[in-house]
Every structure is written in structure tokens, then in C-alpha cells.
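In what follows, a single structure is set out as C-alpha cells and then discussed.
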There are 2 protein chains.
Amino acid sequence: MQLFYAPDINSSLYTLGQEESRHCVKVLRLGAGATLHLTDGRGTMYVCQVVVADPRRCEVMVVETLADYGRRSYGLTMAVAPTKNLDRFEWFLEKAVEVGVDAVVPILCANSERRCEPHGQAFKSERARRLMISAMKQSLKAFLPALEPLTPVKEVLERGFGGFRGSGGSGGSGGSGGRPTLKLIAHCREDFANPARVPITRALPAASDAIILIGPEGDFTAEEVALAVANGFVPVSIGDSRLRTETAAVAAVMAAYLANMQ
Amino acid sequence: MQLFYAPDINSSLYTLGQEESRHCVKVLRLGAGATLHLTDGRGTMYVCQVVVADPRRCEVMVVETLADYGRRSYGLTMAVAPTKNLDRFEWFLEKAVEVGVDAVVPILCANSERRCEPHGQAFKSERARRLMISAMKQSLKAFLPALEPLTPVKEVLERGFGGFRGSGGSGGSGGSGGRPTLKLIAHCREDFANPARVPITRALPAASDAIILIGPEGDFTAEEVALAVANGFVPVSIGDSRLRTETAAVAAVMAAYLANMQ
């Protein structure tokens, strides 16, 4: 199955862009009548048939529309401090989209890298977006998770999380839209024992909506954890292994995924 | 805490290699009396003190020996088909070491990439070994997982798994040495429904020893899955998301890690 991204689809006839037309006709050799799939990145999957197999402007016709395609039973927003090494953060983004996430909020923390400061470049947002689109297509998902701009962690901690849809920027492929959101913060501070950290596997029941915070290489500061607790966040542990930031973030995404496995 | 790899340590005095001596004295600026840690990669952690802070040959003295450091309550051998893209397999190796694994067996399957054939190069073993050593040091582990040579999947399927130590090549940081080993094979074949796949979360109880097989991009063939079942392997599912080979492999490592979280 081949999936194409068509964010601007708005009728039963659609013309692929030049590059995708070429890929479709020249590389995949799809001729008139062949079936392909499009997604608007907002949860709808379109089963289409090639009408005009033009390698510059391939026209397709929608034959079936599948709404809420691959909808998950849980909602997940990951608020993660970009890593010193850009590749590692981008790798987290790819894996998060593949496994399942609704929104990613890159956070600016006290111990964040200097380049994350106001005028630095925490991550390449355009490149990150392209990478998320290709991960969506590769994993045959119809929902493109939201990628928010770099946000001071304080803002995220003090943000209200009414219905889950509110937390994901542009909504999500998971989430009830109603349930209260579980707010978790993963940290490794020995000097912050009260409240004690709960194993993430116990803090994330099936069919829940959650936002999980993962700190920078230098961890969250005691002040940041205290502010989180004051705002209703539950401190969690991601086990005894000393995990890199991006590994901890992927472990959290996997914990939610595995907790909801049928 | 800084961890150095000293596979050849055999007395209470040890001289670091030139590169590590330089790192220790010039970069970390450790002087006589400073504390550092060494591991033999076989489970023992040595707490040491610098005796001679020579940037070419730094001498240290062992002040404390911690055997079975960070020993896990479970054993895990991952048999994974190297990916078409070498980086992705190396990324899996790094994450597996960070999170916890005893041995990795790269497997050659019917649908493996051509370069995995006898004279091809499935993966760069020396590079992979260096990468595993640095992941061990970075995650402060005292055990260096075994990395076996590329092995035909049939050999792995027909291998006897008496005590777990037998399956990990050079033994492991986890595993009871006694329990029978759970044998799991993850596949996505719609045409192989009997026995049905069990969710990996249900197939991996805490404190178990397991070997988990992850197939190539083209999945295992029906024949390979049938041979696995005939040899007592249980077909498992890693959920509904369409995961890349290396993502499925990391998900399996995480499933074992999370199942054993206290």
C-alpha cells in the first residue's frame, strides 16, 4: 500500500504535485485505474483511483473515504527538551509518529542547551515537519501529529488541559476529547523524593489521555519539578537504566502504546 | 560519574590506555586521588582512585569492587534481521544496550537484504562493537552485551535454549541461568493465523528469560514462522502500528524493560 499526503484535498478529484506524480507514474508505474491512498493528515484516509497517469500532474478520483482512520483509544502529548545532538531529537520525532502520538511540544528548560535560548535554533522545524510527514506515510497513518514551537517549560506546566483536544494543538488521532488529561513529569533527581516517583507503567492506565514531560540532558531542576507538582503533574520514573533524553522520550511513547495493546 | 572500559583489568592496579589517559587527565582534569569507575564489561564495576595522573599512561588503583553491578531480574536475547539502512540497525544496538539486553543475534532470513548474503556485509561488526561499548559507558552499565555474527534464522530457530546463559553467547547481565527461555517470534503475516499472535505484553511476564525474533523489512516468510512454531516459538504481535524493523526491535526491548519495572 502506498500513501500520499494531500493536506489540501477538498473534492473527489485531486491532482498530485509534480514530485508525487512522477513517483506515482514513473517509479511505481501506476496506470489509469490503479489504486492508491491519500491522507489529509487530519485523520481521513482516501482510497483513490488514477484517472490520468500524467508523470507531471497525475489526477486521481476518490472512490472511498475512511474517516478517523486508525484512531487510537488513547491520547498522548509529549513535551520534550530538544537534545544537544539534533539527530537524536529528530529520531525521537520519527519514532513517536511511527508508534503513535498526537502532539509534540519542544520545551525550553533551565538546563537546556544554550542554542535553545530565544535566538538559538533548538530544532529545524521545517526539516522536523518533513520528517514527521514521511514517518506518517511510511507507517500508513492518516493523522499528522502537531509539532508546536519551542515553549518555555513554565508555560506548559501552567497550561490548562481541559479536554485532551486542547492539548494537542491541532487535536489528535487519539484522545476522548472529554477525559481529564493525566499530567506526568519524568525526572531522575535524587534530591526530589516527595512525592516519590511512580513507575510510568503504573501511572499510565489503558485508554487514558496523557501529557508526559521529558527533560534535557541535565534533567529538570528541583524548582521545575516543584512547579510541575504544584500544577498537578505526577513525577514518574522510567526505570533504573540511565536513559538518554530521546531514549526516555521513546520509552514513554512505547509505555503508552504497550499499555493500550489489545 | 565517569565510566571507563577495561576488559583486561586483572589486578588492583590498572593503567588506562593513551586515549583514555588523555581524556581522564586533560579533559576531565582528574588528578591524583580523584575517583573514577572502570568496568570489565562482564558485570563487575571497579571504583578506582587515580594514583599517577599521567596524560599518556594514567595509573589507577581499585578501592572497591562491585560484582554483578546493575544486574537485571530478566534475561533478553534479541535476534534481529539487519536493516537495509545500516544506521537503523546501529541505532537499535545503541538503544538495546542503553535499555537492557544480554545478547544480540543478527539473523539472515529469506527476505533479508541481498548484502546480508554470505559474502555481503550485513553490518560493520567492529563499528557495532565500538558503538555498544560507548552505549554501555554512557548508560553506566557494567555488562557489555554479546554481539553474535550474522546467523541463518534456521540455526537460531533450531538452537537449544537450556539455561538462558546458553543463549547469550557470552552469558548476560540478566537471566537466571536456570529458567526455561521464552521463545517469541514477532511477525505481521495475515496469512499465518494459527496459532494466532499473542500481544507481546501478554507473552512477556516479569522476571522471565526470553529470546525475541524480529524479521527483515519484508517480514519472515510463512515457512520461517511455521518452522519457528514447530520449534516451540510463540508468534507475538507488537501492536497495530506498522513499525519499521528497528522500531519493532526497540519496542520488544522496551516491552521486556517495562514489564520488569518495579
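The values are calculated or read from the model by the stated rules, or taken from the named source; none is laboratory data. Treat the numbers as computed from the prediction; the structure is a model and nothing was measured. Here the Cβ is made from the backbone with ideal geometry for all residues, glycine too, and neighbour counts use every protein chain on show. Note: accessible area is taken over every heavy atom of the protein model, side chains too, but ligands, DNA and RNA are not part of it. Shrake-Rupley method; radii C 1.70, N 1.55, O 1.52, S 1.80 Å.
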Q.
Within region B:128-144, take every residue that is away from chain A (no Cβ under 13 Å) and of a type outside the set (A, V, I, L, M) and give me the one that is surrounded by the most Cβ atoms within 10 Å (Cβ to Cβ).
A. B:R129
Q. Which residue out of B:V47, B:V52, B:V60 is outside the structural domain of B:M136 (by TED's automatic domain parsing), of a type in the set (A, V, I, L, M) and under 27 Å from the mean Cα position of the chain (by Cα)?
A. B:V47
**Q.** Sole residue being among the β-branched types (V, I, T), within 14 Å of chain A (Cβ to nearest Cβ), touching a Leu at 6+ places or on another chain (Cβ under 9 Å) and in contact (Cβ under 8 Å) with a residue 24 or more places away in the chain, chosen from B:V105, B:V101, B:V62, B:V80
**A.** B:V101
Q. How many of the residues in region A:86-108 are outside any helix (DSSP H, G or I), open to solvent by less than 10 Å² (accessible area, probe 1.4 Å) and more than 11 Å from A:L76 (Cβ to Cβ)?
A. 3
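A quick yes/no check of all residues on (1) charged (D, E, K, R); (2) under 25 Å from B:V101 (Cβ atoms):
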residue: A:R189; (1), (2): yes, no
residue: A:N194; (1), (2): no, no
residue: A:V198; (1), (2): no, no
residue: A:A206; (1), (2): no, no
residue: A:I214; (1), (2): no, yes
residue: A:E217; (1), (2): yes, yes
residue: A:T221; (1), (2): no, no
residue: A:D240; (1), (2): yes, yes
(Q) For region A:32-75, which positions are closer than 14 Å to A:Q2 by Cα and either open to solvent by 30 Å² or more (accessible area, probe 1.4 Å) or of a type in the set (F, W, Y) (or both)? (A) A:T35, A:H37, A:Y46, A:Q49
